[in-house]
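The structure appears right after this line, and notes come after that.
The values are calculated or read from the model by the stated rules, or taken from the named source; none is laboratory data. Just so you know, these numbers come straight off a predicted model, no measurement behind them. Note that we place each Cβ from the backbone using ideal geometry, even for glycine, and neighbour counts take in every protein chain shown.
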Amino acid sequence: MTKDHIKYSKVNLAKMNGNVLTEADSILGLAAKRPIRQGYMLTHNQFEAPKLIKRGDGIMIQAVSKLLTVSTPGEALTHGRLGENIRVRNLKSDREVIARVKDRDTVIVMLY
């Protein structure tokens, strides 16, 4: 979502649900869950973080501990948004692990 997608209108907020958006900044960068028709009021629950990683994407798996970080190529087995845990396959060992999405091509497995 960018500012170009939003048109501001004056409305009586007293007659609106308390969830109606009054500032576009809170949804910039988010994706609509479903198509939104032009002229409809926007609410927070119509938006979600975009999927950064899609099933089948090639990603880097970072295994991180206090002293060491090791990276290896992997494949996403599920879709994922920033901060979500997803299943990934280590392409070198063919093992599946759960990892947290860091960005578009990196997931993190914390080692203790």
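General observations
- Pairs, first not assigned by TED's automatic domain parsing to the domain that holds I6 in the range 19-38, second modelled with pLDDT of 80 or more, C-beta under 9 Å, six or more apart: none
- Verdict on K102 being surrounded by 15 or more Cβ atoms within 10 Å (Cβ to Cβ), among the basic types (K, R) and in contact with a Lys or Arg (Cβ under 9 Å, 6 or more places away or on another chain): no
- Test: residue in the range 89-98 that is modelled with pLDDT of 95 or more and under 17 Å from the mean Cα position of the chain (by Cα): yes
- Within the set S65, S93, S71, the sole residue that is of a type in the set (G, A, S) and either touching a Leu at 6+ places or on another chain (Cβ under 7 Å) or in the same structural domain as G29 (by TED's automatic domain parsing) (or both) turns out to be S65.
- Residues located in the range 70-90, provided they are out of contact with any Ser or Thr (no Cβ under 7 Å at 6 or more places or on another chain) and among the aliphatic types (A, V, I, L, M): V70, A76, L77, L82, V88
- Total residues in the range 57-69 satisfying the condition of being surrounded by 13 or more Cβ atoms within 10 Å (Cβ to Cβ), assigned to a strand (DSSP E or B) and out of contact with any Ser or Thr (no Cβ under 8 Å at 6 or more places or on another chain): the figure is 1.
Here's the yes/no breakdown for (1) among the β-branched types (V, I, T); (2) in a strand (DSSP E or B); (3) at pLDDT 95 or above:
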| residue | (1), (2), (3) |
| --- | --- |
| M1 | no, no, no |
| D4 | no, no, no |
| D25 | no, no, no |
| G29 | no, no, no |
| I36 | yes, no, no |
| R55 | no, no, yes |
| S71 | no, yes, yes |
| T78 | yes, no, yes |
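Condition check ((1) touching a Phe, Trp or Tyr at 6+ places or on another chain (Cβ under 7 Å); (2) farther than 28 Å from H5 by Cα) across all residues:
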| site | (1), (2) |
| --- | --- |
| G29 | no, no |
| A32 | yes, no |
| M41 | no, no |
| H44 | no, no |
| A63 | no, yes |
| S71 | no, yes |
| N85 | no, yes |
| R104 | no, no |
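- Of the numbered criteria (1) within 19 Å of the chain's Cα centre (by Cα); (2) on the phi < 0 side of the Ramachandran plot; (3) not in a strand (DSSP E or B), the one K102 fails is (3).
- Within the range 81-99, considering residues that are surrounded by 14 or more Cβ atoms within 10 Å (Cβ to Cβ) and of a type in the set (A, V, I, L, M, F, W, C), the one nearest to K51 (Cα to Cα): L82
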